[in-house]
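Student: Sharing a structure here in structure tokens format.
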Amino acid sequence: MALLDETSQWSDLVQFYDYLTRHIVPGPRSISYFIPFLLLPVALLIPPSVMSHRQLYLVFLPLIYACEVHAWLQIGGLEVISLTLTLWSFVLLVLRDPRRTYRRIRLTAHSDAGRDSEKGRNAFVEERYPESLAKRIPWVLTLLVSIRFAGWKIGDPSHDKTQPAPRLTRVAFLKHAFLIIAQAFTILDLASCYVLTDPYFVTSGMGVDEPFPPPSQDLPTLLNALRILPPRVLRGAAIAGQVYAMVTSMFYLPTIPVVGLNAIGMLPDEWSPHTWPVFFGSFSAVGERGLRGLWGSWWHHFNRHITSTPGRELAHVMGIPTTSTLGYSLLTVSAFLLSGVIHMGMIPREPASGRMTVNMMRLYLAAFFWAQIPAFQIELVASKLVAASVPSVPHFPTTRILVLLWVAGWLSLTLPLLTIPFREIGYWRYFPLPVSLFRGLAGKGWLTWYDICGAIEIE
């Protein structure tokens, strides 16, 4: 009897996973999905004396891409993690040659010693590609987890001059992580409570500028008061709040157990997030540089090297300095064009929508990132015109406010592009948090997840 129950539970789990990856979010559906995660480190472990740079990518890149294509055929479309690995492989095997040019920066003293003292600064050493296999393995594995190249010299002056990056102690990092997580929980809770009151987020075909429903006595006073704002602005703010909260949680929640494993000696320091730069920069950069500050300084840089390196290498081949307007434009186009393609992988093969095709949903999602490209060009032209007419523009509060209004306006124009595919999939039909502070205070109940598996009708 127990065996039958276990078999039934396993069958239900398989059915749930099949439903999830077909209709909600793409995921691995074949062994070919995982093979590239082994092929890339194996390739980088082969020294230049055995295989040249050209031989390495001619042998391994077709193997990696063949596996990825098969995996996507099984998934029924692109998928974010596998597509990221595809681009990561192209950067490390083709566009760059880490075995010859990269240097790992190591701290010979304990990582929590910091860098404040002269002794701390002198404790860093640079390690080239090791000759012995025993040393190559940690060198290569550390490289593969260092997607932002924190703690690496890669031959890019703009990056290398910032290395080694400032690092926090474990305690300081954990305090920072818990503060960000608490902030994200609060923002996500508030934004999600609002979303439940606005039919725009669940009604197919409803425009972002359509008026709010009439005020309701059942709504908290705060939510009724917020509706004095234009519908596009308030709905855009709700989308922005949810995106920010979800992304920050996705980055910071997994770091806590990883730092814990490092503290008990189960992971090396270079693998512990407390030795990396924090994921997000200062928000003040948005008021200073607009969208360029938002995406270039404040927003996370997780995929920066993956998406911008093709543009950087193209500029190098063409002899265009990346500090020039044209070179910077090439980096921008490369970064946002590939970011849009990567995020296409969020759309499942069979979303529960009767009004929009899968490919149209993917295009809407990518269009949000592609729409940032002309905004960068507008800012570049505007900044040059201002610099030509006013050589030194002080950062008065009024100037910052105008810049922030420009950013808010552009995001209000482009963020609704994300709503359309997510609405069709049904993301906003379920509350994203199991416990809601704001719903509880409003007397709507603290718990929001009663039977999550039962809420999904498995076909």
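The values are calculated or read from the model by the stated rules, or taken from the named source; none is laboratory data. Given the structure is predicted, the values throughout are model-derived calculations rather than measurements. Methodologically, a virtual Cβ is constructed for each residue, glycine included, from the backbone with ideal geometry; neighbour enumeration extends over all protein chains shown. Side chains are part of the model used for accessible areas, which takes the heavy atoms of the whole protein and leaves out ligands, DNA and RNA. Shrake-Rupley method; radii C 1.70, N 1.55, O 1.52, S 1.80 Å.
Student: Give the residues of segment 68-78 that are under 22 Å from the mean Cα position of the chain (by Cα) and open to solvent by 10 Å² or more (accessible area, probe 1.4 Å), sorted by residue number.
Tutor: TRP72, GLY77, LEU78
Student: Quick check: anything in segment 26-37 of a type in the set (Lys, Arg), surrounded by 13 or more Cβ atoms within 10 Å (Cβ to Cβ), touching a Pro at 6+ places or on another chain (Cβ under 8 Å) and in contact (Cβ under 8 Å) with a residue 12 or more places away in the chain?
Tutor: No, that holds for no residue.
Student: Which pairs do you get when a residue that is in contact (Cβ under 8 Å) with a residue 24 or more places away in the chain, found in segment 430-447, comes within reach of a residue that is open to solvent by 60 Å² or more (accessible area, probe 1.4 Å), reach meaning Cβ atoms under 6 angstrom, with the pair 6+ apart or on two chains?
Tutor: PHE438/LEU190
Student: Does VAL358 satisfy the criteria of being open to solvent by 30 Å² or more (accessible area, probe 1.4 Å), under 22 Å from PHE302 (Cα atoms) and not hydroxyl-bearing (Ser, Thr, Tyr)?
Tutor: The answer is no for VAL358.
Student: Something else about it: Limited to segment 315-330, what total is found for residues that are over 21 Å from TRP295 (Cα atoms) and touching a Ser or Thr at 6+ places or on another chain (Cβ under 9 Å)?
Tutor: 1
Student: Give the residue that is modelled with the highest pLDDT, with candidates limited to residues of segment 301-321 that are in a loop (DSSP other than H, G, I, E, B) and open to solvent by less than 40 Å² (accessible area, probe 1.4 Å). Spell out the reasoning first.
Tutor: If we filter segment 301-321 for residues that are in a loop (DSSP other than H, G, I, E, B), which is where we start, we get 301-303, 318-321.
Of the ones still in play, those that are also open to solvent by less than 40 Å² (accessible area, probe 1.4 Å) are 303, 320.
Numbers: ASN303: 87, ILE320: 91.
By that ranking, first place goes to ILE320.
Student: Still on this structure, please answer the following. Kindly indicate which of SER297, SER272 is buried (at least 18 other Cβ atoms within 10 Å of the Cβ) and touching a Lys or Arg at 6+ places or on another chain (Cβ under 8 Å).
Tutor: SER272
Student: Still on this structure, please answer the following. For the structure I just gave you, tell me whether ALA371 is at pLDDT below 85, more than 19 Å from GLY241 (Cβ to Cβ) and open to solvent by less than 70 Å² (accessible area, probe 1.4 Å).
Tutor: When the stated conditions are applied, ALA371 does not pass them.
Student: Still on this structure, please answer the following. Being under 19 Å from THR142 (Cβ atoms) and in a helix (DSSP H, G or I) is the filter here, so list the residues in segment 37-55 that pass it.
Tutor: PHE37, LEU38, LEU39, LEU40, PRO41, VAL42, ALA43, LEU44, LEU45
Student: Suppose we keep only residues that are open to solvent by 60 Å² or more (accessible area, probe 1.4 Å) and free of Cβ contacts under 8 Å to residues at least 24 places away in the same chain within segment 141-177. Which one would you say is nearest to GLY426 (Cα to Cα)?
Tutor: My answer is LYS175.
Student: Considering every residue within segment 169-189, establish whether at least one is over 30 Å from ARG355 (Cα atoms) and assigned to a loop (DSSP other than H, G, I, E, B).
Tutor: Within segment 169-189 (the criterion being over 30 Å from ARG355 (Cα atoms) and assigned to a loop (DSSP other than H, G, I, E, B)), the answer is yes, since at least one residue qualifies.
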